[in-house]
């Protein structure tokens, strides 16, 4: 995942303003699962996927900011 300088700037602006719309976490729908065990397993999988995606965004943000700092 790569971010443009404009995307990175927008994420940083939102963070400074305590806004978290850039995270865009997908909603988990527990109604789609019949048993509690299925719901729990699906929730764990959903959590891992969303956390992994968020980590990738943060890593891309760090790389973009670092590359911009080198240019200055």
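Tabulated results
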{"item": "Near pairs, Cβ below 8 angstrom, 6+ apart or cross-chain, from region 20-45 (farther than 28 Å from residue 58 by Cα) to any residue that is part of a helix (DSSP H, G or I) and at pLDDT 90 or above", "result": "32/42; 33/39; 33/42"}
{"item": "Residue that is nearest to residue 29 (Cα to Cα) [pool: residues in region 50-62 that are surrounded by 12 or more Cβ atoms within 10 Å (Cβ to Cβ) and touching a residue at least 12 places away in the same chain (Cβ under 8 Å)]", "result": "50"}
{"item": "Test for residue 38: is it more than 15 Å from the chain's Cα centre (by Cα) and exposed (fewer than 12 other Cβ atoms within 10 Å of the Cβ)", "result": "no"}
{"item": "Count of residues meeting criterion [modelled with pLDDT of 85 or more and assigned to a loop (DSSP other than H, G, I, E, B)] in region 26-72", "result": "7"}
{"item": "Matching residues, region 1-25, being surrounded by 12 or more Cβ atoms within 10 Å (Cβ to Cβ) and either out of contact with any helix residue (DSSP H, G or I) (no Cβ under 9 Å at 6 or more places or on another chain) or part of a helix (DSSP H, G or I) (or both)", "result": "5, 7, 8, 9, 10, 11, 12, 14, 15, 22, 23"}
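The values are calculated or read from the model by the stated rules, or taken from the named source; none is laboratory data. Treat the numbers as computed from the prediction; the structure is a model and nothing was measured. Reconstructed Cβ throughout: ideal geometry from the backbone, glycine too, with neighbour counts over all protein chains shown.
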